[in-house]
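Here the structure is laid out as structure tokens; the discussion comes afterwards.
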Amino acid sequence: MRHTQKADKVFFVEDVLSLKDFEAVADEFNPLHNHWSFTKSEQKGQAPAFGHLAESRGGLSLGECQKFIEIGVKLTLATQKILGRRARLVRINTNIQFPGQESNFHVDSSPEMRWWTFVLFANMGWDAEWGGEIIINTKGRDYLGLPFLPNCGVLFDGSLPHKGSAPNCLCMTHRQSVAFSFEFEAPEGAALEI
């Protein structure tokens, strides 16, 4: 796992999981194993709607998928190492988008909540020409777009407005990701004691 800071409070992470773990995460999106629902909206039920795994969307919860919880525990440790602060996994959320199913800018938390989000790009294969990038409003009118690449992810302050872009018209499949949210127990700048 390698990480690069792309902006204040934004890190791009490569080679997030072992091949075995990454294949297991991707397999959870197989509709033969878990039901897909296309009722997800960042605007409280208003359009546009896009998809998620029905069993994993429990509001502010970890959901029911044991594999995602196991991966979340591993990413908790990685997040703590990157940020140097103790974290607690508080939510797991999935996302499925086909071409044209755009999401809206949203935040995962208020600044007072001290949440960070790790979005794992969960497609086994992907061509960067298909789009699907994550866009983060880093400050004022500054926006950062990061490519959707298999087994990569983005760790960022959950209070930053962001959105996952839908695949473009060149893509013949869907974009899938898992968002892990972490709450920090110590204020920013406090020493980590593990």
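The values are calculated or read from the model by the stated rules, or taken from the named source; none is laboratory data. Everything numeric in this text was worked out from a predicted model, so none of it was measured. Because the Cβ atoms are built from the backbone with ideal geometry, glycine has one as well, and the counts that use them run over all protein chains shown. For accessibility, only protein heavy atoms count, side chains too; no ligands or nucleic acids. Shrake-Rupley method; radii C 1.70, N 1.55, O 1.52, S 1.80 Å.
Tell me whether region 77-129 comes out rounded, prolate or oblate; compute the Cα gyration tensor, take square roots of the eigenvalues as a ≥ b ≥ c, and use a/c under 1.5 as the rounded threshold.
In terms of gyration-tensor shape, oblate.
Can you give the local net charge around Gly125? Use residues other than it whose beta-carbon is closer than 13 angstrom to its beta-carbon, Lys and Arg +1, Asp and Glu -1. Walk me through the numbers before you get to the answer.
Working: positive: Arg175; negative: Glu23, Asp127, Glu129.
Value of the local net charge: -2.
Here the label points at Lys163 and Gln5, each 7 Å from Cα along the C-beta direction, are separated by 2.9 nm in the simple model. So how much slack lies between Glu183 and Val73, counting 0.36 nm per residue of separation and subtracting their Cα-Cα distance, in nm? Separation in residues times 0.36 nm, less the Cα-Cα distance, equals 38.3 nm. Heavy-atom accessible surface of region 58-148, averaged per residue, reaches 48 Å², computed with a 1.4 Å probe.
Kirkwood Rh, Cα Rg: Rg to Rh for region 70-194? Please report the intermediate quantities before stating the final value.
Working: Rg = 14.9 Å, Rh = 15.1 Å.
On the Cα set of region 70-194, Rg over Rh gives 0.99.
Across region 81-194, the mean sequence separation of Cα contacts (distance under 8 Å, 6 or more residues apart), normalised by length, yields a relative contact order of 47 percent. With every protein chain in place and a 1.4 angstrom probe, the accessible-area ranking of Glu14, Glu70, Glu112, largest first, reads Glu112, Glu70, Glu14.
Of Asp142, Asp127, Asp21, which has the most accessible area with a 1.4 Å probe, and how do the rest follow in descending order? Intermediate results must be reported in sequence, preceding the final value.
On the way: Asp142 90, Asp127 65, Asp21 20 Å².
Solvent-accessible surface, decreasing: Asp142, Asp127, Asp21.
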